[in-house]
Amino acid sequence: MRFRLRGAAAAAVGFVMLAGVAACGGSGGDTPDYGPYSGKPGAADYDQKPSRSRGVLAESLRLGEHILYATDIDPELKVGRGGGVFANYRGLESSFISGPESDAADGHGPLAAFGALAANKSYAAGQSEKFLAVSLLEFPDEAAAGAAAADMDRADFQANADNAPVAVDAFPAAINHWRPGIPTLGSVMAYKSLVIRVYAQLQDPDLGQLIDMVTRSYQRQIDLLANYTPTPAADLPKMQLDPDKLLTRVVQTEEPTPTDMKFVVYGVHAYSVFLASPAEDARKNTDHGVTEVAVSYNKHLFKMRDEATAKSYAGFLGELRDGPEFTPMKGVSGLADVTCGQLTKPVPNSVEARRFRCIVMRGEYVAMVYSNTDTDVRQLAAAQYSVMGGTA
């Protein structure tokens, strides 16, 4: 059995939004400085022309709204280890499944894929004792899914001579194997036109407990897929990533090309996979009224139920201390609904501009913008405030 993880730690850190900042606003009367940025909403060109690449991304995100949280299986598995889309128009990436599995699945025309990883310890705490990775892969039809599952297991099984087949009695269609004496169990199962892939790890090589963990994972995952209807392959190019045009309300700083984690819109469930405690953070975001999250490089826009929940959520973000801490600094002159802060110490796992941050609240939207210079983050925040209101 081989399990490859590429980039999940950086992805998780990049999306942890829970950090503190105290309120600080400017006095009225001044014209905001946008610097090099535009204060006008952008165009929704990214969603207009047919695009299979965009369709694969949008369908993968739909899958992500139905993926299980590991705490559904074991309450100790509350630490998010990342996740996300691992399909594109070329095929699959081996980010959340093994390389042999990915290569085998590619031969059957995957249309979408989304994975979620969780453990009982963070990366910083060292090797986890418990770990669960669940991935959903979508294929053109049931025959393709069945063939993909068989080939995925065969390829991964053959990657190590010590692998031995295992039966999961509750799900006879599942194909499973482990290495005797190693506390991990890998399993794939075709479910309609999908393949569910489960990788379980426990502290001890107790095969019975591993089988129980996989069994409960399948039971929960199938329940969550009960109301999921795949999009026909022919319709993928017509799918929109952002029907509510949230990305037009984010300051454009890079090429507006739909890309997971860089220029994309998430539902609350899929978005929370990236956070430190997926199930708990999803509950908090939902309870606070978050309905969608638009990500545009170093900017995040939260669509709220209404203006009241937006105001509450902006305060909630400013009071949290679960992530990197920010100390208050001067905000944007004339905009009391913009609060800014400076990172108290570097975040070593983040490769993005994160030294300074502003929280921007306007109407039913809350945005978080980042930069590595204080002047730039204020200019960006001022432009973001304007874009959120649809005025220049």
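The values are calculated or read from the model by the stated rules, or taken from the named source; none is laboratory data. The structure displayed is predicted, hence computed values, not measured ones. Here the Cβ positions follow ideal geometry from the backbone for every residue, glycine too, while neighbour counts run over all protein chains shown. Quick note on the areas: whole protein, heavy atoms, side chains included, nothing else; ligands and nucleic acids left out. Shrake-Rupley method; radii C 1.70, N 1.55, O 1.52, S 1.80 Å.
Key figures for this structure:
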quantity	calculated
Residue within region 303-324 that is among the polar types (S, T, N, Q), buried (at least 19 other Cβ atoms within 10 Å of the Cβ) and under 22 Å from PRO258 (Cα atoms) present	no
Conditions (1) farther than 27 Å from ASN88 by Cα; (2) open to solvent by less than 60 Å² (accessible area, probe 1.4 Å): number failed by ASP151	(1)
Test: residue in region 51-64 that is among the β-branched types (Val, Ile, Thr) and surrounded by fewer than 21 Cβ atoms within 10 Å (Cβ to Cβ)	no
Candidates VAL273, VAL264, VAL293, filtered to the one that is touching a Pro at 6+ places or on another chain (Cβ under 9 Å), at pLDDT 95 or above and within 30 Å of GLN48 (Cβ to Cβ)	VAL264
Any hit, region 285-302, residues being part of a helix (DSSP H, G or I), more than 19 Å from ASP45 (Cα to Cα) and open to solvent by 60 Å² or more (accessible area, probe 1.4 Å)	yes
Selection within region 303-332 - assigned to a loop (DSSP other than H, G, I, E, B) and either polar (S, T, N, Q) or modelled with pLDDT of 95 or more (or both)	ARG305, ASP306
Index of the failed condition, ALA104 passing every other in (1) assigned to a helix (DSSP H, G or I); (2) touching a Leu at 6+ places or on another chain (Cβ under 9 Å); (3) surrounded by 22 or more Cβ atoms within 10 Å (Cβ to Cβ)	(2)
Test: residue in region 241-252 that is surrounded by fewer than 20 Cβ atoms within 10 Å (Cβ to Cβ) and more than 21 Å from SER38 (Cβ to Cβ)	yes
Among the candidates LEU335, LEU380, residue that is surrounded by 16 or more Cβ atoms within 10 Å (Cβ to Cβ) and either at pLDDT below 95 or assigned to a loop (DSSP other than H, G, I, E, B) (or both)	LEU335
Positions within region 39-98 being in a helix (DSSP H, G or I) and of a type in the set (Gly, Ala, Ser), in sequence order	SER53, GLY55, ALA58, SER60, GLY64, ALA70
Among (1) surrounded by 23 or more Cβ atoms within 10 Å (Cβ to Cβ); (2) over 22 Å from ASP72 (Cβ atoms); (3) of a type in the set (S, T, N, Q), the one test that SER187 misses	(2)
Options PRO75, PRO165: the member that is open to solvent by 10 Å² or more (accessible area, probe 1.4 Å), within 24 Å of the chain's Cα centre (by Cα), free of Cβ contacts under 8 Å to residues at least 24 places away in the same chain and farther than 19 Å from PRO230 by Cβ	PRO75
Residues that are surrounded by fewer than 19 Cβ atoms within 10 Å (Cβ to Cβ) and either over 22 Å from PRO165 (Cα atoms) or touching a Lys or Arg at 6+ places or on another chain (Cβ under 9 Å) (or both), drawn from region 202-224	GLN203, PRO205, ARG220, ILE222, ASP223, LEU224
Criterion violated by GLY181 - all others in (1) open to solvent by 10 Å² or more (accessible area, probe 1.4 Å); (2) of a type in the set (Gly, Ala, Ser); (3) within 27 Å of HIS108 (Cβ to Cβ); (4) not in a strand (DSSP E or B) satisfied	(3)
Test: residue in region 163-172 that is within 23 Å of TYR69 (Cα to Cα) and not in a loop (DSSP other than H, G, I, E, B)	no
Selection within region 228-239 - in contact (Cβ under 8 Å) with a residue 40 or more places away in the chain and open to solvent by 80 Å² or more (accessible area, probe 1.4 Å)	LYS238
